[in-house]
Each structure stands twice: as C-alpha cells, then as structure tokens.
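Accompanying notes for the structure given below.
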Amino acid sequence: MVDESPEVIKSQMEQTRQDLVEKVETLEQQVAHTVQEATSAVTNTVDRSRKWSATPRRQSSPRWSRSRRRSISPAMCSVLPG
C-alpha cells in the first residue's frame with residue numbers, strides 16, 4: 001500500500017461521496033417510479049372492479065334444474081347439491 005498524502009485521500013473521499021450521492025438519487029428515482037406504477041395499477045384495478053360490480057348481470061340458471069333431477073335416478077339425487 002502506497003502512502004498517500006492527506007490531499008489525495010480527501011480528494012478520493014470526495015469523489016466517493018459524489019458517486020454515492022448519484023447512486024442514492026438514482027435509486028430514489030427508481031423507487032418513486034415503481035411506487036407510481038404500483039399506485040396506478042391498483043387504481044386501475046379498483047376502477048375496473050367498481051365498473052364490473054356496477055354492471056347489471058344476467059342471473060345464471062342453477063347448474064342442476066329440477067327437471068334434470070327428475071331424469072336422474074333417486075340414488076344420484078342424494079349426492080346433488082341443494
């Protein structure tokens with residue numbers, strides 16, 4: 001290891017400090033951008049969910065209608081829902 005003068009060490013420290021500041025600023029910008037994208041995605045999802053839930057839906061027919069149950073053997077009816 002070479003002995004370096006205090007001026008050289010101070011200069012290296014200053015350069016290191018500047019490099020760290022730049023890296024931290026870049027990281028802050030990336031985090032802010034990621035948070036902004038996530039917020040936008042959540043907002044869009046909530047908006048779509050509200051629109052979807054506000055849209056009237058056609059009521060679906062039951063999976064097993066009474067007429068279909070009559071055509072199935074009584075033993076099978078005991079395993080059918082409701």
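Bear in mind these aren't lab numbers, they're just calculated from the coordinates by the rules spelled out. As the structure is a computational prediction, the values presented were derived from the model and not from experiment. Heads up, the Cβs are rebuilt from the backbone with ideal geometry, glycines too, and the neighbour counts pull from every protein chain shown.
Values for this structure:
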quantity: Distance (nanometres) between label positions extended 7 Å along Cα→Cβ at T34 and R50; calculated: 2.8
quantity: The stretch 1-58: trypsin sites (Lys or Arg not before Pro) in DSSP coil with no more than 12 other Cβ atoms inside 10 Å; calculated: R57, R58
